[in-house]
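Here's the structure, in structure tokens; my notes come after.
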Amino acid sequence: MAHLSVENLCYDIGGRRIIDSISIEFSARRSVVLGPNGAGKSVLLRLCHGLLVPTAGSICWRADANVAVRQAMVFQRPVMLRRSALANLTHALSLAGVGASEARERAITALRSAGLEALAHRSARVLSGGEQQRLALARAWALRPDILFLDEPTANLDPVATREVEAVIDAIHRAGTQVIMTTHNLGQARRMGDDILFIARGRLLERASADHFFRAPKSAEAAAFIEGELPW
Amino acid sequence: MLEYVKRCIVRVWAIDTLRDAGLQALELMIGLDEAMMNIVALSVQVSLSAVVLSCLIALPIGAATAVGRFPGRQAIIVVMNAFMGLPPVVVGLIVYLALSRAGPLGPMGLLFTPTAMVLAQALLVTPIIAALTRQIVADAWEEYREQLQSLGSNGFRSALTLIWDTRFSLLTAVLAGLGRATAEVGAVMIVGGNIDGVTRVMTTAIALETSKGDLALALALGAILILLVVMLNSSAYLISEAARRRYG
């Protein structure tokens with residue numbers, strides 16, 4: 001299992017501090033980052049994934065064996081290329097350096113696992129929102145990541161599509177991938193989180209097991225957040 | 001009174017010639033007059049070659065300035081946008097000077113050949129196609145950037161992916177260039193010389209025939225030119241509509 005830890009992580013943009021000295025070791029198999037809008041959840045994930053460069057602090061990846069850690073990210077709004085669902089997956093695999101025939105095999109396997117095999121040759125951008133998000137998960141899965149980042153993966157979906165997406169995330173996790181996700185959906189955080197990280201105004205206010213966090217939050221902000229109050 | 005009658009007669013006579021010219025033009029078009037069709041064929045050949053040549057330069061430049069961050073990028077964008085409205089006669093003059101006997105490319109002996117016309121038109125439409133490509137690819141890059149970076153796509157691969165993904169929108173940019181190339185007259189007139197059977201294209205023929213007073217051929221060529229442009233644009237519209245339905 002790969003280990004990801006961040007140390008005194010800071011991120012400024014336009015003189016505003018978005019992430020304020022956060023230190024976490026992501027040890028749980030499934031971590032859920034919770035917090036109000038603008039808390040810095042998405043920015044934290046992007047920093048960890050390497051899409052943003054931290055202003056200060058460090059991000060440390062450690063793998064068990066001497067191999068590079070593979071990571072993937074699925075965004076709130078899936079971005080699909082104007083080609084078939086299958087071709088979207090093989091494109092990602094080709095970028096990862098996987099040969100054509102193996103890429104095709106892995107892509108088909110991933111589509112099957114996400115329940116999208118029947119849509120393999122349909123154009124990706126005309127699929128429904130839920131199907132596109134499952135396709136984005138299949139694309140990430142085909143890369144066989146050690147760690148998968150999910151930024152509010154079900155934010156734009158109806159309850160049925162949300163359940164389907166959660167099922168795919170669950171399958172990916174059970175196949176051995178560590179999942180780090182953000183969400184606004186407290187029910188989802190309960191269902192999907194082993195560990196909860198509560199962030200507000202760029203600071204890590206609380207970290208606890210999901211069970212513990214929802215039963216007895218330590219910080220007043222977290223308690224208010226769970227109650228649906230808006231002290232901000 | 002006498003003055004008024006004279007003016008009326010002149011006007012009717014004028015309408016008569018117009019009518020005759022129109023009828024003759026129709027005859028030329030229906031009969032697919034050989035001389036006329038040669039002019040049309042050369043026009044299409046020159047402009048298509050110019051646009052193909054231009055695409056080889058303009059698509060990479062447009063995509064590179066949309067995706068890349070390199071020194072001189074801003075300058076290229078400013079020049080591209082400024083040159084979108086380049087006057088054809090000035091482009092013709094520059095190409096003329098370059099290809100004339102004393103010019104840097106003089107020894108190639110290209111002046112007053114269709115190749116010279118291709119070069120002039122390519123120079124004219126490259127900024128247009130490049131600037132439109134940059135806009136289209138930059139908009140797509142805005143949407144795709146994080147995803148492609150997340151997948152480990154470098155700038156070069158991303159540019160290729162974006163060109164392919166925006167292919168139906170880029171078709172419109174290329175057609176804008178083709179429209180400009182077929183419609184311009186100044187540049188091909190200067191570097192081609194409007195030589196009958198060698199470098200005479202639709203626009204230069206229309207200009208010449210009109211000034212000679214041979215309205216029939218001018219009208220026929222004008223009608224064909226408009227027909228071509230309308231056909232091109234409507235097929236582009238249909239293609240991009242079909243693509244939007246199929247690929248989203």
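Could you grab me the full set of residues in the stretch A:99-146 that are over 23 Å from residue A:161 (Cβ atoms) and of a type in the set (A, V, I, L, M, F, W, C)? Residues satisfying the conditions are A:100, A:103.
So if I check each of A:151, A:195, which one is over 30 Å from residue A:97 (Cα atoms), crowded, with 16+ Cβ neighbours inside 10 Å and among the charged types (D, E, K, R)? Matching residue, one of A:151, A:195: A:195. All conditions in (1) free of Cβ contacts under 8 Å to residues at least 12 places away in the same chain; (2) within 14 Å of chain A (Cβ to nearest Cβ) hold for residue B:210, with the sole exception of (2). Residues of the stretch B:114-154 that are part of a helix (DSSP H, G or I), within 14 Å of chain A (Cβ to nearest Cβ) and polar (S, T, N, Q): B:147, B:149, B:150. The requirement of being at negative phi, exposed (fewer than 10 other Cβ atoms within 10 Å of the Cβ) and either assigned to a helix (DSSP H, G or I) or in contact with a helix residue (DSSP H, G or I) (Cβ under 9 Å, 6 or more places away or on another chain) (or both) is not satisfied by residue B:27. Residue A:151 meets the conditions (1) more than 14 Å from every other protein chain (Cβ to nearest Cβ); (2) touching a Leu at 6+ places or on another chain (Cβ under 7 Å); (3) of a type in the set (Asp, Glu) in every case but one. The failed one is (1). Considering only residues of the stretch A:45-65 that are under 18 Å from residue A:145 (Cβ atoms) and away from chain B (no Cβ under 14 Å), which is farthest from the chain's Cα centre (by Cα)? So the residue we want is A:65. Among the residues of the stretch B:156-170, some residue qualifies, meaning at least one is assigned to a helix (DSSP H, G or I) and away from chain A (no Cβ under 13 Å). Checked against (1) part of a loop (DSSP other than H, G, I, E, B); (2) surrounded by fewer than 21 Cβ atoms within 10 Å (Cβ to Cβ); (3) of a type in the set (D, E, K, R), residue A:82 passes all but condition (2). A residue that is of a type outside the set (Lys, Arg), outside any helix (DSSP H, G or I) and modelled with pLDDT of 95 or more occurs somewhere in the stretch B:201-216. The set of residues in the stretch A:154-165 that are in contact (Cβ under 8 Å) with a residue 24 or more places away in the chain, surrounded by fewer than 24 Cβ atoms within 10 Å (Cβ to Cβ) and of a type outside the set (Ser, Thr, Tyr) comprises A:155, A:156, A:157, A:158, A:160, A:161, A:164.
The values are calculated or read from the model by the stated rules, or taken from the named source; none is laboratory data. What you see is a predicted model; the values in this text were computed from it and never measured. Neighbour counts run over all protein chains shown; Cβ positions are idealised from the backbone, glycine included.
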